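Asks: Handing you this structure, nothing more for now.
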Amino acid sequence: MPQTVTAAESFELPPDSRGSAAAFSRMGYDLETALADLIDNSIDAKAGTVEITLIRDEEGIAALTISDDGRGMTADALREAMQFAGVRERGGKELGVFGLGLKAASFSQCNSLTVLSKSAASVSACRWTVEGISDNWRCERLNGTDAQTAFRQGYSTMRVPRRSGTVVLWERLDRLDVSGDVDEFVSELLAGLELRLGLIFHRYIKRDALKILIGSRDLDGEPGFPRSVRAHDPFAYPRSGRTGYPKRFTAEVPRLGQLTLDAHIWPAMSVQPEFRLGRRNGTPHQGIYIYRNDRLVQAGGWNGVVKDASDAELSLARVAVDLPASAIRDVSVQKSGVQLTAALAQSLRAATAGKTSLTGYLDDARKTYRAGRRQPRADARIPPVPGLGLPAAVRRTLGDKLAPDGFSREIAFEWASLPKSQVFMLVPEDDRILLNRKYRQQILGAGKASATDVPVVKLLLFLLLEAEFDRERFSAQRKAWLKRCNAVLVEAVKRK
């Protein structure tokens with residue numbers, strides 16, 4: 001054992017406030033994860049509804065509000081909440097842990113954070129800015145009358161709570177740079193929020209414990225119609241992909257005791273939205289889904305339990321793990337996932353369900369995948385609908401008409417570098433139609449290039465090629481037909 005090194009002296013060394021302000025802006029949150037941290041606070045405050053509103057001007061996103069109907073805070077409680085890493089007793093059922101989420105998440109996205117909270121009859125409000133943090137941690141308390149007005153304005157379509165609630169206002173956002181059409185940017189942003197938040201909080205939404213509304217409004221105008229976030233349950237398959245599953249595995253973990261793992265196998269060739277989760281297939285979503293108090297903190301990935309996290313043969317394998325409150329010492333919850341201690345990862349690898357090992361489960365998932373590859377494509381019965389590359393309003397309307405039950409797969413349109421002999425290329429395995437960027441200007445004419453340009457041309461191509469997406473393979477005759485279509489279109493484009 002080495003000898004104990006004695007201290008010569010001790011001294012205070014507080015953090016540099018200027019460096020701290022810059023560090024928070026580089027915390028690594030994306031927008032969805034930052035918002036999820038704030039929704040955690042709303043859930044801890046017993047909110048039943050959370051409303052997220054993008055406030056836009058002519059140039060982009062001017063501000064963002066997150067409002068709830070939770071129990072609110074008194075002036076003293078708000079002051080404590082605004083303190084970085086404030087110490088207070090937290091219940092085992094709370095989602096907040098270290099007292100940093102509100103501030104760290106907010107300053108990863110904005111330069112000004114205002115919190116307005118109503119408890120009983122009064123509204124209290126405080127504001128942090130990056131300048132205030134740099135100026136020796138100076139936090140502002142806002143005027144009472146102004147706070148009352150701002151609190152009411154923080155609720156766009158949700159009824160202003162009579163008794164209690166909290167509004168978080170982000171201003172001077174520096175991570176939401178808009179390039180191109182603002183309407184399309186907002187539409188795509190809201191679609192991404194709906195998917196990610198619906199996944200993270202799917203258990204709460206599914207049991208009607210939480211309602212999340214998302215929408216936008218003009219800086220000086222009326223709010224638009226909000227959309228309600230629906231639950232995106234990664235285990236909501238219509239039937240199990242293999243007899244005997246799901247299986248409940250158990251693992252003995254040092255200090256934690258027994259941990260349960262619910263191992264699922266999706267049906268082969270699945271195309272449901274809950275399987276794809278916004279991607280072209282389910283391969284990126286295989287692995288371990290870790291929950292803490294019913295909140296998803298990791299969506300897939302194997303955490304070292306499996307070496308290759310992108311193995312297509314394991315795309316049907318998903319494992320649900322519910323962490324006990326005591327696991328916080330063994331699990332580091334980060335912005336983008338969970339870090340397990342080496343001991344915990346080793347314990348998971350050794351998990352068993354009766355005589356079945358975790359390795360046996362993975363082998364079963366691979367066998368199910370391989371057997372499915374020998375069957376006809378299951379998605380031939382899933383109607384294709386126009387997807388990315390068209391204006392959001394057009395996509396919604398066509399989706400309602402072509403797939404009224406909401407069960408569909410989207411065909412994306414992209415401009416790409418193709419041979420001169422092609423105006424388009426069909427990529428059925430990825431559900432894409434590529435357009436030749438060499439001919440973009442001729443097709444646009446006087447129009448402006450954007451992510452959603454030439455919608456009529458794209459829709460006509462979709463109608464021309466719709467049936468091709470259900471083919472397992474292309475015959476020589478179909479290939480010749482596609483070649484003739486391209487030849488005709490090339491001649492038409494050249495003559496413009």
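Only the coordinates and a few stated rules stand behind these numbers; no lab work does. All values reported here derive from a predicted model rather than from experimental measurement. Note: ideal-geometry Cβ built from the backbone for every residue, glycine included; neighbour counts use all protein chains shown.
Asks: How far is helix 182-200 tilted off the main Cα axis of the chain, in degrees rounded to 10, range 0 to 90?
Replies: 70 degrees
Asks: Find how much the distance from K206 to T157 grows on full extension, using 0.36 nm per residue of separation minus their present alpha carbon separation; answer in nm with one decimal.
Replies: Using 0.36 nm per residue and subtracting the Cα-Cα distance, I get 15.4 nm.
Asks: Using label points projected 7 Å from each Cα along Cα→Cβ, tell me how many nm separate E12 and A449, to one decimal.
Replies: Label-label distance for E12 and A449, simple model: 5.9 nm.
Asks: Still on this model: Contact order normalised by length for the chain, with contacts defined as Cα pairs under 8 Å and 6 or more residues apart; what percent is it?
Replies: 11 percent
Asks: How far is helix 358-373 tilted off the main Cα axis of the chain, in degrees rounded to 10, range 0 to 90?
Replies: Helix 358-373 sits at roughly 30 degrees to that axis.
Asks: Over the chain, what per residue volume does the convex hull of the Cα atoms give, in whole Å³?
Replies: So the per-residue Cα hull volume is 202 Å³.
Asks: On a full-extension model of 0.36 nm per residue, what is the gain between V493 and A343, subtracting their alpha-carbon distance, rounded to one decimal in nm?
Replies: 47.7 nm
Asks: Ok, one more. Give me the number: length gained by fully extending E140 to A467, i.e. 0.36 nm times residue separation minus the C-alpha to C-alpha distance, one decimal in nm.
Replies: 111.6 nm
Asks: Please list 344-355, 105-116, 193-204 highest first by mean number of surrounding beta-carbon atoms within 10 Å per residue.
Replies: 105-116, 193-204, 344-355
Asks: May I pose another question? Nearest 5 is fine: what % of DSSP beta bridges in the chain come out antiparallel, could you say?
Replies: Rounded to the nearest five, the antiparallel share is 75 percent.
Asks: List the relative contact order of segment 379-455 as a percent without decimals, with contacts defined as Cα pairs under 8 Å and 6+ residues apart.
Replies: That works out to 29 percent.
Asks: Relative to the longest principal axis of the C-alpha atoms of the chain, give the angle of the C-alpha long axis of helix 31-44, reported between 0 and 90° and rounded to the nearest 10°.
Replies: So the inclination is approximately 50 degrees.
Asks: Another one. Please list, or write none, the lysines whose alpha carbon is within less than 28 Å of the alpha carbon of K420, excluding same-chain residues fewer than 8 places away.
Replies: Those lysines meeting the cut-off are K438, K448, K458, K479, K483, K494, K496.
Asks: Excluding same-chain residues fewer than 8 positions from K355, which lysines have a Cα within less than 25 Å of its Cα?
Replies: K355 reaches K247, K307, K367.
Asks: By per-residue mean of other Cβ atoms within 10 Å, what is the highest-first order of 248-254, 422-428?
Replies: The densest-packed peptide leads the list: 422-428, 248-254.
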